[in-house]
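Some notes on the structure that comes next.
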Amino acid sequence: MSIMESLVTRRTYRRFDQRPVPQDVVEDMIEAVRLSSCGANRQAVRLVIIQKPEDVARVQPLVKWAAYLPPEQGTPKPEELPTLFVAVVQDTAIPGDLATDTGIALANLTLAAWDKGVGSCIMGAIDRPRLSEMMGLSDGMVLHSMVALGYPSHTSRVVPMTEQTGVKYYLDEERNYCVPKRSAEEIARYL
Ligand SMILES: Cc1cc2nc3c(=O)[nH]c(=O)nc-3n(C[C@H](O)[C@H](O)[C@H](O)COP(=O)(O)O)c2cc1C
């Protein structure tokens, strides 16, 4: 898959097959974050891998899916849940532009997973206090987001953003995601 193909198809996935993500894919994701560009090469992003089924099950009620959709459409059913979570944590003892560094790390992580067919959903609507406690995060370690992962059981495609769609993703008649994106003309101009 070329990088542009990856960027087109690496969408957010919210329903998954119930087969585990292999360890080599987990290690690729860790490597992708380890190698990420970051301000002054300070490397403040940390990961917690949650892959034991009993731990994955404890995370499920602490994340919120698809704010633009009613829960019966956007929340995965028990047989559609992600099989792996990766917590993305910032070590705030290390100074720098942690927001930018974390964004780059998230992009690398999700692209490395997608390169092996593993789909993801970056999740910011999460119960940070309870997840931090569950993972035993120490003072100064700040939970930024959870990434839900697994082999997707639906497709997702980019569609043109129109006045009708606005920015809200929606499901088509086959329950596949349609994700409106602004046009190139709208987001870029030549000087
Ligand atoms: C910082 C961030 C936080 C997000 N939080 C959530 C979330 O809590 N729940 C969810 O279902 N999707 C979440 N998403 C996924 C976005 O809804 C998704 O990226 C967006 O709709 C565009 O779809 P695309 O990733 O396929 O381009 C988040 C994405 C990002 C980048």
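The values are calculated or read from the model by the stated rules, or taken from the named source; none is laboratory data. All values reported here derive from a predicted model rather than from experimental measurement. In this analysis, Cβ positions are derived from the backbone assuming ideal geometry, glycine residues included, and neighbour counts consider all displayed protein chains. Side chains included, ligands, DNA and RNA excluded: accessible areas come from the protein's heavy atoms. Shrake-Rupley method; radii C 1.70, N 1.55, O 1.52, S 1.80 Å.
Odds and ends about this structure:
- Residue list for region 142-191, filter: among the small types (Gly, Ala, Ser) and not in a strand (DSSP E or B): 153, 166, 183, 184, 188
- Among residues of region 71-84 that are hydroxyl-bearing (Ser, Thr, Tyr), those with a beta-carbon under 9 Å from a residue that is in a helix (DSSP H, G or I) at least six positions away or on a different chain give the pairs 83/53; 83/56.
- One residue stands out in region 1-47 among those that are among the polar types (S, T, N, Q) and within 20 Å of residue 100 (Cβ to Cβ): the one that is nearest to the chain's Cα centre (by Cα), namely 36.
- Restricting attention to region 67-83, the residues being within 16 Å of the ligand (Cβ to nearest atom) and farther than 18 Å from residue 177 by Cα number 0.
- Filtered by the rule that a residue be touching a residue at least 24 places away in the same chain (Cβ under 8 Å), within 11 Å of the ligand (Cβ to nearest atom) and among the charged types (D, E, K, R), region 163-182 gives a lone residue, 168.
- Scanning region 106-130 for residues being more than 12 Å from the ligand (Cβ to nearest atom) and touching a helix residue (DSSP H, G or I) at 6+ places or on another chain (Cβ under 9 Å) gives a total of 8.
- Within region 107-118, not a single residue is open to solvent by less than 80 Å² (accessible area, probe 1.4 Å), within 30 Å of residue 5 (Cβ to Cβ) and over 15 Å from the mean Cα position of the chain (by Cα).
- Hits in region 72-90 - residues which are in contact with an Asp or Glu (Cβ under 9 Å, 6 or more places away or on another chain) and hydrophobic (A, V, I, L, M, F, W, C): 85
- Sub-6 Å Cβ pairs linking a first residue in region 109-127 that is charged (D, E, K, R) to a second residue that is at pLDDT 95 or above, at least 6 apart or interchain, are 116/25; 127/62, ordered by first then second residue.
- Qualifying positions in region 1-28 - open to solvent by less than 80 Å² (accessible area, probe 1.4 Å), within 16 Å of the ligand (Cβ to nearest atom) and in a helix (DSSP H, G or I): 6, 9
- Here region 138-158 is the region considered, the condition is being open to solvent by 20 Å² or more (accessible area, probe 1.4 Å) and of a type in the set (A, V, I, L, M), and the residue that is farthest from the ligand (Cβ to nearest atom) is 141.
- Top-ranked residue of region 70-98 - restricted to ones that are among the β-branched types (Val, Ile, Thr) and open to solvent by 50 Å² or more (accessible area, probe 1.4 Å), ranked as farthest from the chain's Cα centre (by Cα): 92
- Selected residue [among the charged types (D, E, K, R), open to solvent by 50 Å² or more (accessible area, probe 1.4 Å) and within 16 Å of the ligand (Cβ to nearest atom)] from 64, 52: 64
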